[in-house]
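Below: the structure, in structure tokens.
The values are calculated or read from the model by the stated rules, or taken from the named source; none is laboratory data. Bear in mind that the values here come from a model prediction, so they are computed numbers and not experimental data. With ideal geometry, Cβ positions are generated from the backbone for all residues, glycine too; neighbour counts draw on all protein chains shown.
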Amino acid sequence: MPAINLFTCLGLLGLTSTAWALDNQTLVDQRGDRLGAFLTQDADTRQGRLEVVQTGRASQAYLTQSASLSDSTRVEQGGLGNFANITQAAGGAREVAIDQREANQSHAYVYQGHGHGQRNRVDIVQDGRLNEALVRQGGDDQQVRIEQSGARNGIELFQDGRDSGTRSRLKQVGDDHIQDVLSLGARNEVDLLQGGAANQAQVEQRGDDNYAGARQGARQQELRLIQTGNSNDARVQQNGLADRPQRISAVQLGDDNTAQLLVTGEGNTLDLQQQGSRNTAGILIGGDDARLTLVTTGNDNAFRANGDGGDIELSVTQLGEGHVFSASLLSAAQVEASQQGFGQRAVISQLSEGNSLSLRQSGQGNSATIQQ
């Protein structure tokens, strides 16, 4: 069994005073297989900076910066089965870059300590198959950009933005990718893009004034979105192909939330649930054989659906007071709607032939306008 090559730097050869730690820099360039770089900047690690370049297969890079001020870390790996693990504790200006462009089955892990962040930024690029990127951030002005191309890659992201706000840009090109995102706090932003086939994404945001944007194409995509809080905004676009159905499941819990959903293709399924008051939702369906389900509870919520395809099935349930529901659909559309409460309003337009409608309103002060 071949031995692993190691390069180790511990606290700049053992720090004994803060004077040693003012201007740290460690640069490592390794070429070959089964390489190992284990770098630690500890104690008061002021200026920081760690950089590792590894060319080969099955290499490992463990980089740790603790109690630092201006830490900047970069890892570049090429080959099969590489592993990069970066840990930044305490606080500092913080920048992390991991480049695994010519790698399969590689892993990139970044940990930025809870409550010790300040000016965070993480950049990860991976090309190939079966790659994995995991980022955990807990503190201040966080930013994450992850790009993956290939197949069967995965992204897992956790951001704690309760003290500030976070921004994430996630991009996957290829097939069978997975994204899992959880952000906490207010004013967080998540933008994800998946292009290819059979990709999956789950985004959960807990807090107020958050934004989630998702674009998926071109076939058999699946998205699950959960927003808990007030004044959140969700925008989703799925562009599908014929006979390649896609699925969206969106949940918003709170008041003054907004959801805008656009789905194209055939055989798509969309489920939307809103709980709270003064929420709005708009859905545009392009394509045939779509299945759409909406459930709204609370007061003064508004929902609108437009469809330019045929054989669309729409099911709407609104519970509370002052809800508004409107729909404009084309041929062979089936609508089943129930509004329970006071002051409800329904406006439904079904154009062309073969349409069916079932509308039930219970309560006082309700109105309905129907065109077939």
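Listed values, structure above:
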quantity	calculated
Selection status of Gln60, within 17 Å of the chain's Cα centre (by Cα) and in contact (Cβ under 8 Å) with a residue 12 or more places away in the chain	no
Qualifying positions in the stretch 356-372 - loosely packed, with under 11 Cβ neighbours inside 10 Å and closer than 14 Å to Gln334 by Cβ	Ser358
Pairs, first farther than 14 Å from Ile283 by Cβ in the stretch 326-354, second among the basic types (Lys, Arg) and not in a loop (DSSP other than H, G, I, E, B), C-beta under 7 Å, six or more apart	Ser338/Arg360
Complete set of residues in the stretch 99-127 that are surrounded by fewer than 24 Cβ atoms within 10 Å (Cβ to Cβ) and either of a type in the set (Lys, Arg) or at pLDDT below 90 (or both)	Arg101, Glu102, Asn104, Gly113, His114, Gly115, His116, Gln118, Arg119, Arg121
Residue among Thr297, Thr269 that alone is more than 19 Å from Arg235 (Cβ to Cβ), surrounded by fewer than 24 Cβ atoms within 10 Å (Cβ to Cβ) and in contact with a strand residue (DSSP E or B) (Cβ under 7 Å, 6 or more places away or on another chain)	Thr297
Selection from the stretch 170-219 of residues that are of a type in the set (Val, Ile, Thr) and crowded, with 21+ Cβ neighbours inside 10 Å	Val181, Val190, Val203
Filter pass, Gly217 being over 28 Å from Gly287 (Cβ atoms), in contact (Cβ under 8 Å) with a residue 12 or more places away in the chain and outside the structural domain of Arg247 (by TED's automatic domain parsing)	no
Test set (1) part of a loop (DSSP other than H, G, I, E, B); (2) surrounded by fewer than 18 Cβ atoms within 10 Å (Cβ to Cβ) - Gln260 fails condition number	(1)
Matching entry among Thr293, Thr228, Thr258, Thr297 (being of a type outside the set (Gly, Ala, Ser) and under 19 Å from Asp180 (Cβ atoms))	Thr228
Residues that are surrounded by 18 or more Cβ atoms within 10 Å (Cβ to Cβ) and under 19 Å from Asp180 (Cα atoms), drawn from the stretch 238-255	Gln238, Gln246, Arg247, Ile248, Ala250, Val251, Gln252
Among the candidates Ala133, Ala84, residue that is at pLDDT 95 or above and closer than 17 Å to Asp29 by Cα	Ala84
Yes/no for Val203 being farther than 20 Å from Thr296 by Cβ and at pLDDT 95 or above	yes
Residue match in the stretch 104-121 (condition: farther than 28 Å from Ala212 by Cβ, in contact (Cβ under 8 Å) with a residue 24 or more places away in the chain and more than 21 Å from the chain's Cα centre (by Cα))	yes
Residue that is farthest from Gly113 (Cα to Cα) [pool: residues in the stretch 30-80 that are β-branched (Val, Ile, Thr) and touching a Lys or Arg at 6+ places or on another chain (Cβ under 8 Å)]	Thr55
Hits in the stretch 338-357 - residues which are under 37 Å from the mean Cα position of the chain (by Cα), at pLDDT 90 or above and of a type in the set (S, T, N, Q)	Ser338, Gln339, Gln340, Gln344, Ser349
Selection within the stretch 311-363 - among the acidic types (Asp, Glu) and in a strand (DSSP E or B)	Glu313, Glu321, Glu336
Ser249, sole failed condition from (1) small (Gly, Ala, Ser); (2) in contact with an Asp or Glu (Cβ under 8 Å, 6 or more places away or on another chain); (3) closer than 23 Å to Ile370 by Cα	(3)
Strands (runs of 3 or more DSSP E) contained entirely in the stretch 65-153, each with at least 2 residues that are farther than 22 Å from Gly32 by Cα	83-90, 95-104, 107-112, 122-129, 132-138, 141-151
